[in-house]
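Heads up, the thing below is written out as structure tokens.
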Amino acid sequence: MKIYTVGGYEEIGKNMTAVEIDNDVFIFDMGIKLDRVMIHEDTNLQDMSPQRLKKLGAIPDDSILTGKKVRAIILSHGHLDHIGAIPKMAYNYKCPIIGTKYTISLVSSLINEEPFSECSNQLIAVNKKIEIGNYEIEFINSTHSIPETKFTALHSKEGTVLYTGDFKLDMHPTIGERPDFERLKKLNPKVMITDSTRAPEETKTPSEKIAVIMLQDFLLDNYDEKKGIVTTTFASHIARIKTLLETADRMERIPILLGRSLCKYYGTALKLDIVKKGVKMVKRRSSIDKKLKEINKKKEKYLVITTGSQGEKGAVLSRMANKETPLRLDKKDTVLFSTSTIPHPINIANRYKLETKLKMQKVRIIKNVHVSGHASKEDLREFLRIVNPENIIPTHGEYTMLASWAELGEEEGYAIEKNIFIRRNGQKVLIGD
Ligand SMILES: [Zn+2]
């Protein structure tokens with residue numbers, strides 16, 4: 001068995017790993033690293049060729065897989081750093097793309113949004129299991145920060161490969177079920193390829209239920225007069241949006257979703273019955289401005305939920321801060337960030353600009369009303385003890401994150417280069433004889 005560490009082994013972004021057994025190759029995830037495009041001015045992702053994107057390091061360099069027989073592309077969840085490169089490169093592989101309904105739905109709209117995509121791979125939505133020749137692919141319940149995230153297992157005669165994808169161990173998820181610990185205990189994988197993002201954090205990641213309490217703690221207190229409240233979160237964080245909508249009801253305010261990506265992710269979740277609660281959604285810039293004009297007259301009646309939590313240029317929140325919309329914010333108004341700042345210099349700079357502009361208008365800012373979607377060191381330790389894999393390959397992180405996982409592995413009796421392996425992009429690991 002060979003594991004190719006194609007992308008996501010030097011960074012957070014462009015995740016892609018391939019497993020080869022008997023000349024059959026299975027690819028796990030095919031993501032994009034957006035900041036590699038953002039650092040260049042005047043670039044439009046859709047106009048860029050796959051060759052150029054590979055050169056920039058925005059999509060994985062898959063040359064190590066040239067000429068190989070790929071049987072399937074398996075997707076763990078719908079975040080762009082796991083599915084974003086599909087329209088750019090999946091057509092090179094004549095094989096189906098397999099994921100849960102929500103993930104496949106997002107992939108389908110990504111392909112449709114790409115004007116010249118040649119991607120015509122069959123898209124297969126799977127809930128639990130699918131057979132491909134002599135192999136079985138199993139989707140096991142997980143928890144993260146987007147609906148229908150799964151641990152994916154490839155069962156073969158050479159043993160099972162567990163690709164965890166991004167995950168946390170949430171015992172109180174607000175959408176979906178807990179991780180399927182019973183199934184994980186019985187898996188006995190030959191190899192576990194695992195999320196490292198928060199491996200250096202010596203703690204346990206709190207449940208999404210804690211984010212509910214944090215949000216309500218601020219939004220439902222009434223010892224101070226609140227007028228306008230603008231909230232922002234990651235567009236794909238459906239559980240968080242659900243909490244904001246439910247809290248708006250308790251505040252007797254009208255919730256409203258502003259921005260294209262929020263509407264896309266929430267609209268898809270509604271369509272697939274992942275959430276039940278309808279809400280007014282406004283996508284287009286002209287309609288958003290019309291709605292904000294209305295809101296500006298009675299700010300205390302609404303709970304605005306908007307895009308732009310990272311200070312992205314052109315997002316609704318950035319436009320508000322620039323006074324480019326009819327909504328005027330002042331010292332009675334609050335902007336609440338139900339996110340962390342993704343620790344990248346571009347995001348940090350954008351957030352600094354956004355926050356400074358808001359402060360100049362005397363707006364109250366409430367930051368970091370958020371819990372992470374990634375397991376921390378002590379969750380990973382529990383997970384390791386439950387799954388008990390023969391070999392470990394940390395992925396989804398910079399070198400220090402992969403190394404932290406390796407140290408944890410050592411603490412639990414594994415040894416580097418014997419049964420825990422650190423690799424860079426474009427390398428491989430040989431398992432077995
Ligand atoms: Zn993710």
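Below are the figures for this structure:
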| read-out | value |
| --- | --- |
| The chain, accessible area per residue, ligands and nucleic acids excluded (1.4 Å, Å²) | 43 Å² |
| Summed residue charge, Cβ within 10 Å of Ser338's Cβ, Lys/Arg positive, Asp/Glu negative | +2 |
| Spin-label zone in region 75-99 - amide nitrogen under 17 Å from a point set 7 Å from the Cα of Lys128 along the C-beta vector | 99 |
| Ser109/Asn322 FRET efficiency (R0 30 Å; Cβ-Cβ; nearest 0.05) | 0.55 |
| Sulfur and carbon atoms: percent of accessible area, the chain [1.4 Å] | 47 percent |
| Rounded, prolate or oblate (a/c below 1.5 giving rounded, otherwise prolate when a/b exceeds b/c) for region 105-162 by Cα gyration tensor | oblate |
| Dipole magnitude (debye, nearest 20) for the chain, charges at Cβ of Lys, Arg, Asp, Glu | 2180 debye |
| Local electrostatic count at Lys69 - Lys and Arg +1, Asp and Glu -1, tallied over other residues with Cβ under 12 Å | 0 |
| Helical mean residue ellipticity (222 nm; -39500 (n - 2.57) per DSSP H run of 4+; nearest 500) of the chain | -9000 deg cm²/dmol |
| Principal-axis tilt of helix 399-411 within the chain, Cα atoms, nearest 10 degrees | 60 degrees |
| Under-5 Å amide H pairs with Thr395, H placed in peptide plane, nonlocal only | Thr194, Asp195, Ser196 |
| Distance (nanometres) between label positions extended 7 Å along Cα→Cβ at Arg250 and Asn296 | 3.2 nm |
| Accessible heavy-atom area order of Tyr352, Tyr91, Tyr399, highest first, probe of 1.4 Å | Tyr352, Tyr399, Tyr91 |
| Net lengthening on full extension, Glu136/Lys2 (0.36 nm per residue, minus Cα-Cα) | 46.5 nm |
| Principal-axis tilt of helix 345-360 within the chain, Cα atoms, nearest 10 degrees | 10 degrees |
| Euclidean distance between Cα centres, region 176-235 to region 264-286, Å | 21 Å |
| In Hz, Karplus ³J(HN,Hα) per residue of region 160-174 (6.51, -1.76, 1.60; θ = phi - 60°; x = Gly, Pro) | 9, 9, 9, 9, 6, x, 6, 7, 9, 9, 9, 7, 9, x, 9 |
| Distance (nanometres) between label positions extended 7 Å along Cα→Cβ at Arg285 and Glu407 | 4.7 nm |
| Other-chain or far-sequence residues with amide H under 5 Å of Ser156's (modelled H) | Val161 |
| Segment Asp22-Lys277, extension gain: residue separation times 0.36 nm, minus the distance between their alpha carbons | 87.0 nm |
| Whether region 290-433 is rounded, prolate or oblate, judged on the alpha carbon gyration tensor where a/c under 1.5 counts as rounded | prolate |
| Cα extents of the chain along the three principal axes, largest first (Å) | 71, 45, 37 |
| Sequence of Lys14, Lys242, Lys332, Lys297 from largest to smallest accessible area, 1.4 Å probe | Lys297, Lys332, Lys242, Lys14 |
| Summed residue charge, Cβ within 10 Å of Val126's Cβ, Lys/Arg positive, Asp/Glu negative | +3 |
| Fraction of antiparallel bridges per DSSP, the chain only, in percent to nearest 5 | 45 percent |
| Principal-axis tilt of helix 285-297 within the chain, Cα atoms, nearest 10 degrees | 40 degrees |
| Region 208-366: C-alpha gyration tensor shape, a/c 1.5 cut-off, then a/b vs b/c | rounded |
| Rounded Å value of the spacing that divides the Cα centres of region 333-366 and region 383-411 | 34 Å |
| Neighbour cut-off at most 13 other Cβ (10 Å), DSSP loop, trypsin sites (Lys or Arg not before Pro), region 80-138 | Lys94, Lys128 |
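The values are calculated or read from the model by the stated rules, or taken from the named source; none is laboratory data. Keep in mind that what you see is a predicted model, and the values were worked out from it rather than measured. Note that we place each Cβ from the backbone using ideal geometry, even for glycine, and neighbour counts take in every protein chain shown. SASA here: full protein model, heavy atoms, side chains in, ligands and nucleic acids out. Shrake-Rupley method; radii C 1.70, N 1.55, O 1.52, S 1.80 Å.
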